[in-house]
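Here the structure comes first, spelled out in structure tokens, and everything after it is commentary.
The values are calculated or read from the model by the stated rules, or taken from the named source; none is laboratory data. Here the structure is a predicted model, which is why all the values come from computation and not from measurement. Every residue, glycine among them, receives a Cβ derived from its backbone with ideal geometry; neighbour counts consider all protein chains shown. Only protein heavy atoms, including side chains, enter the accessible area calculation; ligands, DNA and RNA are left aside. Shrake-Rupley method; radii C 1.70, N 1.55, O 1.52, S 1.80 Å.
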Amino acid sequence: MIKKILIGLGVFLVLFVAALVAVPYLFKDKINAAVKDAINERVNATVDYTDYDLSLIRSFPNLSFGLSGLTVKGIGNFKTDTLLSIKDLKFTLDVMSVIKGGQYKILYVGLIDPNINAIKTKDGKANWDIMKPTPPGAASTGGATKFALQVKKYEIVDGNIVYDDRQGATYAALKGFNFSG
């Protein structure tokens, strides 16, 4: 009797670990297409990345997510400008905070080799103002939300940041910027 219970638990454990490893790979194309569509329908820019990584094993019991080759390119007046390019964007999310709701806990955010190019034109248009306006009649209460975010650790490794304000005649650049907190 005990032998059958131990065999059953062993089989369950093997299937559970196999599911944790397999689910991100089985649905990778669907997840990838859904993420790109969701991002691009909400911004006035072209957002793309070369690959992503989703893992429940790497930081078990938490969720690890990463994007490689992330780029955000402008449209319209900024179609020749790249607002953002990041070699690797990584974050780890506390799964229990998502299940419980309320405050989401991001345990780690890492920007590896980011290049940020913030431009403001002489007529005051900014290339970082890329969010599409909320359509009329969309659900917006205008009140406070229950959403809260908690970040435990963040870092920027070898970042390059350029701020070019042509309206205010201000230019600043940071090269090889490293920061963590």
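The set of residues from the stretch 109-125 being assigned to a strand (DSSP E or B) and either basic (Lys, Arg) or at pLDDT below 90 (or both) comprises just one member, LYS120. Looking for something in a loop (DSSP other than H, G, I, E, B) and in contact (Cβ under 8 Å) with a residue 60 or more places away in the chain - is there at least one such residue anywhere in the stretch 44-59? There is at least one residue in the stretch 44-59 that is in a loop (DSSP other than H, G, I, E, B) and in contact (Cβ under 8 Å) with a residue 60 or more places away in the chain.
For ARG58, are the conditions met, namely being under 26 Å from LEU107 (Cβ atoms), open to solvent by 80 Å² or more (accessible area, probe 1.4 Å) and at pLDDT 80 or above? No.
When the stretch 83-107 is limited to residues that are modelled with pLDDT under 90 and part of a strand (DSSP E or B), the one that is farthest from the chain's Cα centre (by Cα) turns out to be GLN103. Number of residues in the stretch 66-96 that are among the small types (Gly, Ala, Ser) and either surrounded by 19 or more Cβ atoms within 10 Å (Cβ to Cβ) or free of Cβ contacts under 8 Å to residues at least 24 places away in the same chain (or both) equals 4.
As a summary of the residue check, ALA139 satisfies the conditions (1) at pLDDT 90 or above; (2) hydrophobic (A, V, I, L, M, F, W, C); (3) within 30 Å of MET96 (Cα to Cα) except for the one numbered (1).
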